[in-house]
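**Q** This structure is in structure tokens; I'll ask about it shortly.
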Amino acid sequence: MTAIVNVSLKAGVLDSQGKAVHHALDSLQFNGIEDVRVGKQIVLKLTETDKEKAMVEVTKMCEEILANTVIEDYTIELV
Amino acid sequence: MKVTILQFPGTNCEYDTQHAFEQLGATTEIVWHKAESLPSDTNLLVVAGGFSYGDYLRSGAIAKFSPVMKAVTEYANKGGKVLGICNGFQVLTEAGLLPGALKRNDGLHFISKHHALKVENNDNIFLEKLEQGDVVNIPIAHHDGNYYINEAGLADLEANSQILLRYTNANGEIKNPNGSVSSIAGVCNKSKNVFGLMPHPERAMESILGSDDGVKMLEGFLAL
């Protein structure tokens with residue numbers, strides 16, 4: 001099973017990279033963009049086959065190291 | 001007075017820190033991150049600056065799981081004095097020994113220059129040689145120095161006088177180089193035994209090299 005973890009700054013925490021990318025898109029004349037957030041994706045190949053167990057384990061990983069929950073949110077997708 | 005200085009793969013300020021404290025008359029020892037205990041005669045533990053583990057994942061994120069960090073947490077929880085400078089500050093916030101977190105600078109650039117800092121609170125061993133409102137000139141050199149804490153956390157810091165230093169101009173008026181919440185450059189924990197700051201006092205020890213204001217800061221620890 002593969003776990004796809006997306007980590008990004010929390011809503012309300014200024015994302016200066018996102019702002020810079022937004023600015024760059026504006027100067028390239030891509031219109032209609034309300035907001036840009038830049039995050040990171042961590043892809044884990046797991047040996048676990050039980051989805052529930054995998055979710056518990058990956059959540060623990062996110063809380064302990066993959067995300068800094070003071071400033072970041074994370075989402076987990078299992079495929 | 002014995003200063004123990006931590007060294008992770010990627011730390012690069014351990015020898016400057018050692019030199020600075022030896023200049024003040026302290027004895028020092030550099031301890032590799034694989035150590036499982038700290039020298040028993042340690043009076044001050046310094047987590048030195050640099051780029052531990054190449055800043056992979058987040059600055060300080062990997063270092064917090066180094067073998068030595070368990071001993072560091074025990075030492076801090078027993079009231080031992082800990083000082084984190086730059087990457088050391090990032091490590092201490094990641095490890096949960098200090099509140100808040102450090103984000104990428106708002107301007108996205110690495111900033112390396114001398115900066116004025118105002119002493120906000122001196123009712124702690126670190127800054128007791130300085131007066132509240134004093135302005136010191138100390139180098140900063142960081143990419144992730146943008147201190148973040150939520151509103152409730154900031155109110156807590158204010159209420160317990162945990163804000164050590166703010167970025168200012170030479171007149172002590174707020175001037176924020178990196179986007180830090182409330183222009184914060186350094187904080188301590190509630191019990192005032194764990195200190196962290198982004199600027200480098202160990203690089204401001206000789207007036208001929210730009211500033212010796214770091215002496216007044218690090219001197220505070222000599223009473224230990």
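**Q** What are the equivalent ellipsoid semi-axes of segment B:119-208, built from the alpha-carbon gyration tensor (square roots of five times its eigenvalues), in whole angstrom, biggest first?
**A** Values: eigenvalues 78, 53, 31 Å².
For segment B:119-208, the ellipsoid semi-axes come out as 20, 16, 12 Å.
**Q** Quick check: Cα centre of segment A:20-79 to Cα centre of segment B:59-80, how many Å?
**A** Each part's Cα centre sits 27 Å from the other's.
**Q** From the alpha carbon gyration tensor of segment B:36-163, can you work out the equivalent ellipsoid semi-axes (sqrt of 5 times each eigenvalue) and give them in Å, largest to smallest? Working shown, then result.
**A** Working: eigenvalues 103, 84, 46 Å².
After diagonalising the Cα gyration tensor, the semi-axes are 23, 20, 15 Å.
**Q** In what order do A:Cys62, B:Cys188, B:Cys13, B:Cys86 fall by count of nearby beta-carbon atoms within 10 Å, going from fewest to most? Walk me through the numbers on the way to the answer.
**A** Working: A:Cys62 20, B:Cys188 26, B:Cys13 23, B:Cys86 30.
Placing the least packed residue first, the sequence is A:Cys62, B:Cys13, B:Cys188, B:Cys86.
**Q** I'd like to know how segment B:34-86 sits against the 2.2 N^0.38 Å rule of thumb: what's its Cα Rg over that expected value? Don't skip to the answer; put the middle values down first.
**A** Working: Rg = 11.4 Å, N = 53, 2.2 N^0.38 = 9.9 Å.
My calculation over the Cα atoms of segment B:34-86 gives 1.15.
**Q** Could you put B:Tyr75, B:Tyr147, B:Tyr15, B:Tyr56 in order, starting from the residue whose Cβ has the fewest other Cβ atoms within 10 Å?
**A** B:Tyr56, B:Tyr15, B:Tyr75, B:Tyr147
**Q** Using Cβ contacts closer than 10 Å as the measure, can you line up A:Val5, A:Val21 from fewest to most? Write down the numbers at each step before the final one.
**A** Working: A:Val5 20, A:Val21 15.
The order, fewest Cβ neighbours first, is A:Val21, A:Val5.
**Q** Taking every pair of Cα atoms in chain A, average 1/r, invert it to obtain the Kirkwood radius, and report Rg/Rh to two decimals. Before the final figure, lay out each step's value.
**A** Values: Rg = 15.6 Å, Rh = 14.1 Å.
A ratio of 1.11.
**Q** Can you work out the base-10 log of I(q)/I(0) for chain B at q = 0.17, 0.18 1/Å, using the Debye formula on its C-alpha atoms alone?
**A** Calculated log10 I(q)/I(0) at the listed q: -1.22, -1.40.
**Q** Also, quick follow-up: Mind pulling the angle between the C-alpha long axis of helix A:51-61 and the longest principal axis of chain A? Nearest 10 degrees, somewhere in 0 to 90.
**A** Compared with the principal axis, the helix lies near 60 degrees.
**Q** Could you work out the local net charge near B:Gly214, counting Lys and Arg as +1, Asp and Glu as -1, over the other residues with Cβ closer than 12 Å to its Cβ?
**A** -3
**Q** Roughly speaking, what % of Cα-Cα pairs in the protein assembly as shown are separated by over 38 Å, rounded to a whole number? Walk me through the intermediate numbers first.
**A** Numbers: 7267 of 45753 pairs.
Percent of Cα pairs beyond 38 Å in the protein assembly as shown: 16.
**Q** Could you work out the local net charge near B:Ala159, counting Lys and Arg as +1, Asp and Glu as -1, over the other residues with Cβ closer than 15 Å to its Cβ?
**A** Details: positive: B:Lys190, B:Lys192; negative: B:Glu120, B:Asp123, B:Glu151, B:Asp156, B:Glu158.
Result for the neighbourhood of B:Ala159: -3.
Just so you know, all these numbers are worked out from the coordinates, no wet-lab data involved. In this text, all values refer to a predicted model and were calculated from it rather than measured experimentally. We place every Cβ from the backbone using ideal geometry, glycine too, and count neighbours over all the protein chains shown.
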